[in-house]
Amino acid sequence: MKKDNELTPEEYHVIREKGTEAPFTGEFVHTKDEGIYVCKVCGAELFDSDAKFDSGTGWPSFDNPANTKNIILKEDNSMGTHRTEVECANCGAHLGHVFNDGPTKTGQRYCINSVCLDLKEK
């Protein structure tokens, strides 16, 4: 598990202070490599590359988690809007938000910050 002092300032801001990386700047926005996306802090399996799609929003988007036991969904009323926050269930890392406007049959769009993820290629 990565300790807080091992995170870059941007990683710390997003993961621990619930920030957001700038759109279209993240490492995994346009990645099409196959594998499993894991939590940058603890390595928990979060999203399979098969669930990734281009939402056009500027952040990696997924229609379904790889393992629902590895994520926690929390109500988020910050920034004057109602959203659902996505956290790593193992270490509490803020990952992003989930919205009910996805284009696939799940109807979900997990909008996740790249700095919260590592990709373990298949």
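All of the numbers you see were taken from the coordinates with simple rules; none came from a lab. Bear in mind that the values here come from a model prediction, so they are computed numbers and not experimental data. With ideal geometry, Cβ positions are generated from the backbone for all residues, glycine too; neighbour counts draw on all protein chains shown.
log₁₀ I(q)/I(0) of the chain at q = 0.11, 0.13, 0.16, 0.23 Å⁻¹, via Debye over equal Cα point scatterers, no solvent, to two decimals?
-0.31, -0.44, -0.69, -1.56
Quick check: pseudo-label points 7 Å beyond the Cα along Cα→Cβ at Glu10 and Glu75, how many nm apart are they?
It is 3.4 nm.
Give the long-range amide H neighbours of Gly19: residues separated by 5 or more places, or on another chain, with amide H under 5 Å away, using H modelled in the peptide plane at 1.01 Å from N.
Answer set, sorted by chain and number: Val14.
Could you please report the charge total around Asp33, scoring K, R as +1 and D, E as -1 over all other residues with beta-carbon less than 15 angstrom from its beta-carbon?
Charge balance near Asp33 sits at -3.
From the phi of every residue in region 41-55, what ³J(HN,Hα) in whole Hz does the Karplus formula 6.51 cos²θ - 1.76 cosθ + 1.60 yield, where θ is phi - 60° and glycine or proline is x?
Taking θ as phi minus 60°, the curve returns 7, 10, x, 4, 6, 10, 9, 8, 4, 5, 8, 7, 8, 8, 8 Hz for region 41-55.
Only Cα pairs within less than 10 Å get springs; with that Gaussian network setup on the chain, which residue of Lys32, Lys105, Lys74 has the largest fluctuation?
Lys105
Dipole magnitude of region 4-121 about its Cα centre, charges +1 at Lys/Arg Cβ and -1 at Asp/Glu Cβ only, in debye to the nearest 20?
For region 4-121, the charge dipole is close to 340 debye.
Sequence gap at least 6, Cα distance under 8 Å: using those rules, report the relative contact order of region 4-121 to the nearest whole percent. Working shown, then result.
Numbers: 251 pairs, mean separation 34.4, N = 118.
Relative CO of region 4-121 lands at 29 percent.
Compare Tyr12, Tyr110, Tyr37 in a GNM of the chain, Cα atoms joined below 10 Å, and give the one with the largest fluctuation.
Of the options given, Tyr12 has the highest mean-square fluctuation.
Taking amide H positions as placed in the peptide plane 1.01 Å from N, state which residues far from Gly35 in sequence (5 or more) or on other chains have amide H under 5 Å from it.
Ser49, Asp50, Lys122
Once you've got the GNM for the chain with C-alpha springs shorter than 10 Å, pick whichever of Phe28, Phe53, Phe99 has the biggest mean-square fluctuation.
Maximum fluctuation in the GNM of the chain, among the listed residues, is at Phe99.
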